[in-house]
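First the structure, in the form of structure tokens, and then the observations on it.
The values are calculated or read from the model by the stated rules, or taken from the named source; none is laboratory data. Computed from a predicted structure; not experimentally measured. Positions of Cβ are generated from backbone atoms using ideal geometry, with glycine treated the same way; all protein chains shown enter the neighbour counts.
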Number of protein chains: 2
Amino acid sequence: MSDPRVAGAGVTDFGEHPERTGRDLFAEAGLAALDDAGVPADDVEALYFGNFMGELAEHQGHQGPLMAEAVGVNAPATRFEAACASAGAGVRQAVKNLRSGEDDVILVGGAERMTNIGTAAATDALAIAADDLYEVRAGMTFPGAYGLMARSYFAEYGGNREDLAHVAVKNHEHALVNEHAQLRKEITVEDALEAPMVADPLGLYDACPITDGAAAAVLVSEEYAEDHGLDAPVSITGTGQGGDNLALQDRPHFDQTPAADEATDEAYADAGVGPDDVDVAEVHDCFTIAEVLAVESLGLFERGEGITAAREGVTTRHGAMPVNLSGGLKAKGHPVGATGVAQIATLTWLLDGSHQRAGDVPEADVAVAHNAGGTAASATVHVLEVKS
Amino acid sequence: MSDPRVAGAGVTDFGEHPERTGRDLFAEAGLAALDDAGVPADDVEALYFGNFMGELAEHQGHQGPLMAEAVGVNAPATRFEAACASAGAGVRQAVKNLRSGEDDVILVGGAERMTNIGTAAATDALAIAADDLYEVRAGMTFPGAYGLMARSYFAEYGGNREDLAHVAVKNHEHALVNEHAQLRKEITVEDALEAPMVADPLGLYDACPITDGAAAAVLVSEEYAEDHGLDAPVSITGTGQGGDNLALQDRPHFDQTPAADEATDEAYADAGVGPDDVDVAEVHDCFTIAEVLAVESLGLFERGEGITAAREGVTTRHGAMPVNLSGGLKAKGHPVGATGVAQIATLTWLLDGSHQRAGDVPEADVAVAHNAGGTAASATVHVLEVKS
């Protein structure tokens, strides 16, 4: 059993593209990934595609075959949906199937079109990642849910809005050099603290934007990579997935994400690494507090210590444990169904030094991607390593 | 690599349950499956869940974790969506993962709630299994799409409405002894021919009903079955999946379903069987013409000969090649996201003789399940065999 390689990846610019369809966005990302990989579309044996709100935003379900056609892939296509972790769930299945030896080339990806329906409708569509009967109908929105999680964290471990502001400032700064990022704009801690409140204690700069975009990656077996002489030094060496009750009210704590803890434990054990081995991480910072919870679930910081990581400069580009060098969901943008694969793209390019970020960050050999759905009722964690 | 066993299965009554939520329906089916299997919920390592229109019918996405909680399963849960083949896609991944040796117990299932939104809204929701931009906005509905397919078939191979009526009569008759079927009502060829036209040449009795319901099956590794002394003689020995262009207009023919041909070839090769080995089949007869296309894709009849199979009695209960002994989607009902697993349940109970159908049909050792999404832009085929 050998680990699959990331042969290539592609992403669209993340941002507002209300005039572009989901299939148009995915065609761009998918073709870029195949081109980056040097793998012909005819070699692709399956497409695993992540999408969350196609039914509501584009009146379109059954997007697997649609997206396969968009990239010229004549192979079975399946849509995975685990809210914001949809693409991560697809990556996980691809890793499993490539390892089993049954498949050699799987295209993973995702796309989301959100801005065309406007902020109110997009917020409503995002809300159904929570429990409609017991949360949404009571008025719960995702800023509200993460606001509760932040309040609970502050009460349990300490921390304040200024700590969270440092997460936003960091991720905005990271996005400045990401040519695909939605928000390439430097902000200050004061900007964040003075921004309009969205759901106390979270203000406007604590939340990721609403984003159109797509991402894709070509995953291949080690054998295929060698047989075809591919330049694909990055492997996915660990995969993990965890689940939790969908509704916050059904959990013992609001200030931890046990599904991500489980996914982490499984992924690290699978890869044979531990948190001390991790050089760089992309985590699911849909809100600033989510980054804090994520780095703690990943074991990169002790429980209660993630809150000050950005303020102390540990998670910044030149810190000891850089987190979200892409800008994260916060500043890169969050096209929901694409995010899990966009993380894989970022980390692959960081590890192999192939793209614009070469030389931009400390050398990294082991990377981790953390993708969460809803209030982390779903979570996937993947470990990527570069073969030196 | 050993083939997974179907340790147990459960289904709700299929029909109109507008007052029951999707989670309520799936709890019934999932708990019944675990009980039938004699497998504790704590042993389940993953839930693969099929659902198609939850966003539109229940304002609920992210149903994986919701459904895991409903059956008391504390494990990662992923929703698969391939329109009406959603559950089939989940079964396929479960088979792959169980074979790889990484997992031992996977709960597969699906649920759909449809009648609560009324026929017009359900028809609109079903339509987005087709291409919204190029089919739905032009007025295409699924009865319309399958009407085109039937007209094309008649033109290419011959056949008429009376041939199709015999498919409906057969499946209604089969459903009479299925205690979970939605339409337990005998009909005649005249009834079918005189029923209101829906989309020429398809009348009311050529179409499956709109259905609420759920289905679940516990799939386990052979090792788990043996270690736990389970009475689980039925294995899934072959899996196949095919894909096609989503829109009919992008295909060379309307009278064939090449995605199902591909799924069939793969599944038969995987199982090491051929069409002559098949004793019984459950196929995706969302419309009567769809059963004809299915039995031809499965190689059970030559191209152009499936149309007369029901009329000649070959596919009836006591015919040489019984098809849709459950009543099929046509009479059993079609809760979209559950159908692929409901087929597995029916065939398991037929093969192991455990349920009400024991003695009801000729002895069967090899069965095949055919699940299609949209106009068969997605198709999965599974081969089930009983170990004698």
Looking at segment A:99-114, which of the residues that are touching a helix residue (DSSP H, G or I) at 6+ places or on another chain (Cβ under 7 Å) and not aliphatic (A, V, I, L, M) is nearest to the other protein chains (Cβ to nearest Cβ)?
-> A:SER100
Does A:VAL278 fit the bill of being in contact (Cβ under 8 Å) with a residue 24 or more places away in the chain and in contact with a helix residue (DSSP H, G or I) (Cβ under 6 Å, 6 or more places away or on another chain)?
-> no
Applying the selection to segment B:232-275, what residues are closer than 20 Å to B:GLY88 by Cα and free of Cβ contacts under 8 Å to residues at least 12 places away in the same chain?
-> none
Answer with yes or no whether B:ALA121 is over 29 Å from B:GLY10 (Cβ atoms), in contact (Cβ under 8 Å) with a residue 60 or more places away in the chain and either at the interface with chain A (Cβ under 8 Å from one of its Cβ atoms) or not in a strand (DSSP E or B) (or both).
-> no
Just need a number here: residues in segment A:319-355 that are assigned to a helix (DSSP H, G or I) and not β-branched (Val, Ile, Thr).
-> 16
B:GLU58 fails exactly one of the following numbered conditions: (1) over 30 Å from A:LEU66 (Cα atoms); (2) in contact with a Leu (Cβ under 9 Å, 6 or more places away or on another chain); (3) not hydrophobic (A, V, I, L, M, F, W, C). What is the number of that condition?
-> (1)
Only listed residue being closer than 23 Å to A:GLY54 by Cα, touching a strand residue (DSSP E or B) at 6+ places or on another chain (Cβ under 8 Å) and of a type in the set (Val, Ile, Thr), chosen from A:THR78, A:THR119 = A:THR78
Mind checking which residues of segment A:26-79 are part of a loop (DSSP other than H, G, I, E, B) and more than 9 Å from chain B (Cβ to nearest Cβ)?
-> A:GLY38, A:VAL39, A:PRO40, A:VAL44, A:GLU45, A:VAL71, A:GLY72
Checked against (1) at positive phi; (2) touching a Gly at 6+ places or on another chain (Cβ under 8 Å), B:GLY101 satisfies every condition except (2)
Qualifying residues in segment A:51-80 (those that are in contact with an Asp or Glu (Cβ under 7 Å, 6 or more places away or on another chain) and in contact (Cβ under 8 Å) with a residue 60 or more places away in the chain) - the one nearest to A:ALA32 (Cα to Cα) | A:ASN51
Kindly indicate whether B:LEU133 is touching a residue at least 60 places away in the same chain (Cβ under 8 Å), out of contact with any strand residue (DSSP E or B) (no Cβ under 7 Å at 6 or more places or on another chain) and closer than 25 Å to B:LEU246 by Cβ.
-> no
Test for A:SER86: is it among the hydroxyl-bearing types (Ser, Thr, Tyr), over 30 Å from B:ASP24 (Cα atoms) and at the interface with chain B (Cβ under 9 Å from one of its Cβ atoms) | no
Could you check, for segment B:172-189, whether at least one of its residues is in contact (Cβ under 8 Å) with a residue 40 or more places away in the chain and within 14 Å of chain A (Cβ to nearest Cβ)?
-> no
Which numbered condition trips up B:GLU179, out of (1) under 22 Å from the mean Cα position of the chain (by Cα); (2) crowded, with 20+ Cβ neighbours inside 10 Å?
-> (2)
Considering each residue of segment B:273-318, count those that are acidic (Asp, Glu), surrounded by 24 or more Cβ atoms within 10 Å (Cβ to Cβ) and not in a loop (DSSP other than H, G, I, E, B), and give that number.
-> 3
Using the structure shown, decide if B:VAL95 is part of a strand (DSSP E or B) and touching a Leu at 6+ places or on another chain (Cβ under 8 Å).
-> no
Mind checking which residues of segment B:125-153 are outside any loop (DSSP other than H, G, I, E, B), within 12 Å of another protein chain (Cβ to nearest Cβ) and touching a helix residue (DSSP H, G or I) at 6+ places or on another chain (Cβ under 8 Å)?
-> B:ALA125, B:LEU126, B:ALA127, B:VAL136, B:PHE142
Sole residue being closer than 18 Å to A:VAL341 by Cα and either within 14 Å of another protein chain (Cβ to nearest Cβ) or touching a helix residue (DSSP H, G or I) at 6+ places or on another chain (Cβ under 6 Å) (or both), chosen from A:ASP265, A:ASP255, A:ASP285, A:ASP244 | A:ASP285
Which of the following residues is under 24 Å from B:VAL314 (Cβ atoms), at pLDDT 95 or above and surrounded by fewer than 17 Cβ atoms within 10 Å (Cβ to Cβ): B:GLY118, B:GLY158?
-> B:GLY158
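Residue by residue, here is whether (1) within 17 Å of B:ASN371 (Cα to Cα); (2) of a type in the set (D, E, K, R) holds:
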{"site": "B:GLU223", "(1), (2)": "no, yes"}
{"site": "B:ALA247", "(1), (2)": "no, no"}
{"site": "B:PHE254", "(1), (2)": "no, no"}
{"site": "B:GLU266", "(1), (2)": "yes, yes"}
{"site": "B:GLY272", "(1), (2)": "no, no"}
Taking segment A:36-90 and keeping only residues that are aliphatic (A, V, I, L, M) and closer than 21 Å to B:ALA122 by Cα, one is left with A:MET53, A:LEU56, A:ALA57
Of all the residues that make up segment A:248-270, how many are surrounded by fewer than 17 Cβ atoms within 10 Å (Cβ to Cβ) and among the hydroxyl-bearing types (Ser, Thr, Tyr)?
-> 0
Inside segment B:194-207, can you point out the residues that are touching a strand residue (DSSP E or B) at 6+ places or on another chain (Cβ under 7 Å) and not in a strand (DSSP E or B)?
-> B:ALA195, B:PRO196, B:LEU204, B:ASP206
Reported set for segment A:154-195 where residues are in contact with a helix residue (DSSP H, G or I) (Cβ under 7 Å, 6 or more places away or on another chain) and of a type in the set (Val, Ile, Thr) is A:VAL167, A:VAL169, A:ILE187, A:THR188, A:VAL189
